[in-house]
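*Asks:* Sharing a structure, written as structure tokens. Questions coming.
The values are calculated or read from the model by the stated rules, or taken from the named source; none is laboratory data. Model, not experiment: these values are computed from the prediction. Please note: Cβ atoms are built from the backbone with ideal geometry, for glycine as well, and neighbour counts cover all protein chains shown. We work out accessible area using only protein heavy atoms, side chains counted, and drop any ligands, DNA or RNA first. Shrake-Rupley method; radii C 1.70, N 1.55, O 1.52, S 1.80 Å.
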Amino acid sequence: MTKRSLHPRSLAAQAMGKIDPLTKAVVPPIHVSTTYIRDEDNAYSSGFIYGRPDNETVHEAQAVLAMLEEAKAGALLFGSGMAAATAVFQALSPGDHVVASKVMYWALRAWLLTEATRWGLKIDFVETDDLAKLKDAVKPGVTKLIWAETPSNPLWTITDIAAAAEIAHAAGAKLAVDSTCASPVHTRPLTLGADIVMHAATKVLNGHSDVVAGALCAREDDAFWARVKTVRKMQGGILGPFEAYLLMRGMRTLHLRQERQSASAMALAERLSAHPLVSRVLYPGLPQHPGHDIAARQMQGGFGYMLSIQVGGGEQAAVATAARVELYKRATSLGGVESLIEHRASIEGAGSPCPPDLLRLSTGIEDVEDLYADLDQALSAGHR
Ligand code: PLP
């Protein structure tokens, strides 16, 4: 059987099947050395020179992710999702124009509005789920990058990746997609025409809330990707070997976890839609979600592990609901095996498109009946 005929879940389960040549260990060792012996003829025949540009454990984890994302030009791991995302913008030049999703991870929006703008990037934020608005915002020959997050945190709007790629390419720009909340189990943006896919690998790729990591994958090994590689190498953004090992261990069970988490998120979204104390459920798997038809086309096997609810009683009722959960953990972040709940508006602050009555739910792998019962008691307690 050739590797090409194996399902990604089989390749991921065995982390590409690498066996340590020295000991025949099924789990490869963690490579910690920061420096490597130079040959007598002054060459570096192993290909490794120094730990900042390269590390074998990082390479092994990158190979798993590149396989999952069908990334022909490969993957690069970074010390956080923000380090990965900002490397893409730092690969641009001062004066370049960028169009970015209005609804996106709040800290990246804040960085774009402050640091990136200071450095000379011109950025317009638009609803990238509205293709007419996206097309209007893109300036042919001037716009160099469209940055789309889909599903977008925390409203879970859906950008049509194939259509956005067409708009980008017609204008001479690249399309980068933050696919953290879809994961390669449900969407492979590079196969839909995106040029770069980004992950906060801190989330479902690792899946156990114990690693901060980021990743970029590219379709083409072109001059832009070379710039991104230079940014990581020169600025020292590489992930450490221990974290790379943990991430690789997490990705071995990605499919199992993601399938369970998305199935539970769907079940919760449906049941919460009928809850008398919930005014609205935001989840792309629901037919009434504005992005549902596109999501049904570009997401396979599920709609992701993230959903949000708007609580009927408004902001105070939302905060009180989060205070009453017993099984859910009241904490930021997402994608781990444990379910999390968060009042997002109090994190995101002024300028956020997040409504004040919104609670964000990250669905873990616990029993879905237990999860629903916990939300139901937390919502209902103030009404008994
Ligand atoms: N993108 C999304 C969608 C996120 O949710 C996050 C973090 O929450 C990031 C990027 C940033 O990742 P990190 O926290 O690893 O820097």
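*Asks:* Out of curiosity, is ALA381 assigned to a helix (DSSP H, G or I), surrounded by fewer than 16 Cβ atoms within 10 Å (Cβ to Cβ) and at pLDDT below 95? Explain how you work it out, then say what you get.
*Replies:* On the way: assigned to a helix (DSSP H, G or I): yes; surrounded by fewer than 16 Cβ atoms within 10 Å (Cβ to Cβ): yes; at pLDDT below 95: yes.
Judged against the criteria, ALA381 is a match.
*Asks:* From the list GLU315, GLU326, GLU270, which residue is open to solvent by 60 Å² or more (accessible area, probe 1.4 Å) and either assigned by TED's automatic domain parsing to the domain that holds ASP160 or free of Cβ contacts under 8 Å to residues at least 24 places away in the same chain (or both)? Spell out the reasoning first.
*Replies:* Values: GLU315 fails: either assigned by TED's automatic domain parsing to the domain that holds ASP160 or free of Cβ contacts under 8 Å to residues at least 24 places away in the same chain (or both); GLU326 fails: either assigned by TED's automatic domain parsing to the domain that holds ASP160 or free of Cβ contacts under 8 Å to residues at least 24 places away in the same chain (or both).
From the options GLU315, GLU326, GLU270, the qualifying one is GLU270.
*Asks:* From the list ALA194, ALA176, ALA218, which residue is of a type in the set (A, V, I, L, M, F, W, C), at pLDDT 95 or above and within 14 Å of the chain's Cα centre (by Cα)? Walk me through it before giving the result.
*Replies:* On the way: ALA194 fails: within 14 Å of the chain's Cα centre (by Cα); ALA218 fails: within 14 Å of the chain's Cα centre (by Cα).
The unique qualifying residue is ALA176.
*Asks:* Let me ask something else about it. In this structure, does ASP96 turn out to be free of Cβ contacts under 8 Å to residues at least 12 places away in the same chain and of a type in the set (Asp, Glu)?
*Replies:* Values: free of Cβ contacts under 8 Å to residues at least 12 places away in the same chain: no; of a type in the set (Asp, Glu): yes.
Answer is no for this residue.
*Asks:* Right, here's the next one. Name the single residue that is most open to solvent (accessible area, probe 1.4 Å) among those in region 142-157 being part of a loop (DSSP other than H, G, I, E, B) and at pLDDT 95 or above.
*Replies:* First pass over region 142-157, keeping only residues part of a loop (DSSP other than H, G, I, E, B): 142, 150-151, 153-156.
Checking the rest, the ones that are also at pLDDT 95 or above come to 142, 150-151, 154-156.
Details: VAL142: 70, THR150: 7, PRO151: 5, PRO154: 1, LEU155: 35, TRP156: 2 Å².
Residue satisfying both the conditions and the ranking: VAL142.
*Asks:* Which condition number in (1) without any contact (Cβ under 8 Å) to a residue 60 or more places away in the chain; (2) open to solvent by less than 50 Å² (accessible area, probe 1.4 Å); (3) closer than 19 Å to MET198 by Cα is the one that GLY17 fails?
*Replies:* Exception for GLY17: condition (3).
*Asks:* Considering VAL185, VAL211, VAL228, which residue is closer than 14 Å to ALA83 by Cβ, among the hydrophobic types (A, V, I, L, M, F, W, C) and in a helix (DSSP H, G or I)? Talk me through it step by step, then tell me what you get.
*Replies:* Details: VAL185 fails: closer than 14 Å to ALA83 by Cβ; VAL211 fails: in a helix (DSSP H, G or I).
So the residue among VAL185, VAL211, VAL228 that is closer than 14 Å to ALA83 by Cβ, among the hydrophobic types (A, V, I, L, M, F, W, C) and in a helix (DSSP H, G or I) is VAL228.
*Asks:* Sort out for me the helices (runs of 4 or more DSSP H) sitting completely within region 28-123 that have 2 or more residues that are within 30 Å of SER346 (Cα to Cα) and within 16 Å of the ligand (Cβ to nearest atom).
*Replies:* Filter on region 28-123 gives 81-90, 106-111.
*Asks:* THR191 versus (1) in contact (Cβ under 8 Å) with a residue 60 or more places away in the chain; (2) away from the ligand (no atom under 14 Å from the Cβ); (3) β-branched (Val, Ile, Thr); (4) surrounded by 18 or more Cβ atoms within 10 Å (Cβ to Cβ): which is the lone unmet condition?
*Replies:* Status for THR191: all satisfied but (4).
*Asks:* If you don't mind, another one. Check ALA162, ALA170 and return the single one that is free of Cβ contacts under 8 Å to residues at least 60 places away in the same chain, more than 16 Å from the ligand (Cβ to nearest atom) and not charged (D, E, K, R). Spell out how you get there, then give the answer.
*Replies:* Values: ALA162 fails: free of Cβ contacts under 8 Å to residues at least 60 places away in the same chain.
Exactly one residue qualifies, and that residue is ALA170.
*Asks:* Please determine, by comparing only the residues of region 329-348 that are touching a Lys or Arg at 6+ places or on another chain (Cβ under 8 Å) and more than 24 Å from ALA110 (Cβ to Cβ), which one is surrounded by the most Cβ atoms within 10 Å (Cβ to Cβ).
*Replies:* SER339
*Asks:* Which residues, counting only those in region 262-307, are outside any loop (DSSP other than H, G, I, E, B) and small (Gly, Ala, Ser)? It would help to see each step written out before you state the result.
*Replies:* As a first pass, look at region 262-307 and keep what is outside any loop (DSSP other than H, G, I, E, B): 262-273, 278-282, 292-298, 306-307.
Within region 262-307, SER262, ALA263, SER264, ALA265, ALA267, ALA269, SER273, SER279, ALA295, ALA296 qualify.
*Asks:* So, ASN55, is that one surrounded by fewer than 13 Cβ atoms within 10 Å (Cβ to Cβ) and of a type outside the set (A, V, I, L, M) or not?
*Replies:* Values: surrounded by fewer than 13 Cβ atoms within 10 Å (Cβ to Cβ): no; of a type outside the set (A, V, I, L, M): yes.
Spelling it out, it is not the case that ASN55 is surrounded by fewer than 13 Cβ atoms within 10 Å (Cβ to Cβ) and of a type outside the set (A, V, I, L, M).
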